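Written below as structure tokens is the structure these notes are about.
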Amino acid sequence: MKFEDPPLGFYFEVSFKGSSGGAEKLAFQEVSGISMERNTEEVQEGGLNRFTHHLPSQVKHSPLSLRRGIPTSAKSKFATWVQNTVNADLSQAIEPKTITVSLLDSRAKSDNENILMSWDFHNAYPTKWSVSDFKSQANDVVIESLEFRYQDFVKN
């Protein structure tokens, strides 16, 4: 029996693909919220009051959260999309994207072997954008935090 080392969580990439095609890869410091949970409904047993049944219902997805050092260069297509979506008055339709988070193999010898596993978040759109606090007594990098909602996600 061969035991494999579990993958390391520091080597990953995030890409965004819109309806017009072409994926944009961006660097992030942290990705969180890759989770789903099956909700249940409680049903009381009639007649025998000793039992409660838990019946499966909808699947609940956590928001996908991305964090990175705030970019100071010219606005990218991604930054424009986030700003326009979060700050929109909803008079125009929101343009959802597919977000792919890929866990990479740090020992791979070529790009073809690089992806260990990935998750596609379908019909994703940003719902929150924030910047870390400024503190005169700390020497911290300014962090941009983004939160996305999506229809569903699939592990590839």
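Which residues, taken from the range 19-39, are modelled with pLDDT under 90 and in contact with a Ser or Thr (Cβ under 8 Å, 6 or more places away or on another chain)?
Passing the criteria: Ala23, Glu24, Lys25, Leu26.
Of the conditions (1) over 13 Å from the mean Cα position of the chain (by Cα); (2) touching a residue at least 40 places away in the same chain (Cβ under 8 Å), Pro63 fails just one. Which one is it?
The single condition Pro63 does not satisfy is (1).
Looking only at the range 98-110, decide whether some residue is polar (S, T, N, Q) and closer than 15 Å to Gly18 by Cα.
yes
Working only within the range 99-108, note down all residues that are out of contact with any Gly (no Cβ under 8 Å at 6 or more places or on another chain) and in contact (Cβ under 8 Å) with a residue 40 or more places away in the chain. Steps first, answer last, please.
So the first thing to find is which residues in the range 99-108 are out of contact with any Gly (no Cβ under 8 Å at 6 or more places or on another chain), and the list is 99-102, 104-108.
Those that are out of contact with any Gly (no Cβ under 8 Å at 6 or more places or on another chain) and in contact (Cβ under 8 Å) with a residue 40 or more places away in the chain: Ile99, Thr100, Val101, Ser102, Leu104, Asp105, Ser106.
Looking at the range 40-82 only, could you name the residues that are among the polar types (S, T, N, Q) and open to solvent by 50 Å² or more (accessible area, probe 1.4 Å)?
Thr40, Gln44, Asn49, Thr52, Gln58, Thr72, Ser73, Thr80
Of all residues in the range 1-31, which are surrounded by fewer than 13 Cβ atoms within 10 Å (Cβ to Cβ), among the hydroxyl-bearing types (Ser, Thr, Tyr) and touching a residue at least 12 places away in the same chain (Cβ under 8 Å)?
Matches in the range 1-31: Ser19 only.
Whether any residue in the range 99-109 is open to solvent by 40 Å² or more (accessible area, probe 1.4 Å) and part of a helix (DSSP H, G or I) is what I want to check.
no
All but one of (1) modelled with pLDDT under 90; (2) among the small types (Gly, Ala, Ser); (3) surrounded by 12 or more Cβ atoms within 10 Å (Cβ to Cβ) hold for Ala138; which doesn't?
Unmet condition: (3).
The values are calculated or read from the model by the stated rules, or taken from the named source; none is laboratory data. Small disclaimer: the values here were computed from a predicted structure and weren't measured. Because the Cβ atoms are built from the backbone with ideal geometry, glycine has one as well, and the counts that use them run over all protein chains shown. Surface areas here come from the heavy atoms of the whole protein model, side chains and all, with no ligands, DNA or RNA. Shrake-Rupley method; radii C 1.70, N 1.55, O 1.52, S 1.80 Å.
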